[in-house]
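Down below is the structure, laid out as structure tokens.
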Amino acid sequence: MRRRSPKVVIFVAGIAAVLVVAVTSAAMFFNGDGPAKRDVASTDAVKRAPTPVRVVVFVDRARTETMTTGRTVREVLTRLGIRVGPYDLVHPGLDGPTAPMIKVVRLLSRPVTKVVQVPPPTVKKKNKAMYVWDEKVLRKGRPGVKVVRTAYVRRHGKKVKAIIAQVVKRRPEPRILEVGTKGAPVGGAAARLNWKALAECESHGNPRAVNGAGYYGLYQFSTSSWASAGGSGKPSDATAAEQTYRAQLLYNRVHGRWQGQWPSCGRLLFS
């Protein structure tokens, strides 16, 4: 039997090795396991990497700006080392998506919610036919309603109670008041006297002042002297303008004899 040459054996083995490498490479190419797949996978990984975004965080009035890849508000605050207390308010919510601005309000107590009334404003309508002391309610108005949340916060190193949120549920309807503009000059000597000084002495300038001895208003009228000057009801229920008007009428009616009306303070009329 003829023996094969060693060179022939080596040559055949080499061809076989080349074929194995070629077949393996082809299989990897068609199966997507080759360099092309690794390049695509690398590109996809880059595309999936989150892009940092700019976020401004306010903790009370302290401002911090950061570039972050945090996907939620909680993640952003955690990465900044900002701890949220049990009563702190965070907007947007901790588990919400990251926002361009995040606000944290530090609270020292649990918020308290109350429903409160808002007094109606007064709108005045002028009436030339009415005296300056006359008033007439055309519409009573209606108070508004709002929901107010309060809590204790720290301001300038002190614990103070503050409104942290409020929502208007109903706006107030204005009260409409008709007021007179018609003057009632008394004239004569009374108009030139210092009635302000007299009122300050008699009642400390308080038109609602009441003396237990039976004297009322700016000039401490008795009910009888008030009625003699044309007044009705109690002097302290009238406006300051009407009280001055009737005091001047009274002065003229007694012909300047002020001692009987204002024995202690009447001298100030001439100051």
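Temperature 20 °C, viscosity 1.002 mPa s: under these conditions the Stokes-Einstein estimate for the range 98-158, based on its Kirkwood radius over C-alpha pairs, is 127 µm² per second. Taking the protein heavy atoms of the range 114-223 in the context of the full set of protein chains, the accessible area attributed to carbon and sulfur is 51 percent at 1.4 Å. With the largest listed first and rounded to whole Å, the semi-axes of the equivalent ellipsoid of the range 217-271 from the Cα gyration tensor are 18, 12, 10.
Its residue count N sets the reference 2.2 N^0.38 Å, and the alpha-carbon radius of gyration of the range 118-271 equals 1.48 times that reference.
The values are calculated or read from the model by the stated rules, or taken from the named source; none is laboratory data. On a predicted model such as this, the values are computed, not experimentally measured, just so you know. Side chains are part of the model used for accessible areas, which takes the heavy atoms of the whole protein and leaves out ligands, DNA and RNA. Shrake-Rupley method; radii C 1.70, N 1.55, O 1.52, S 1.80 Å.
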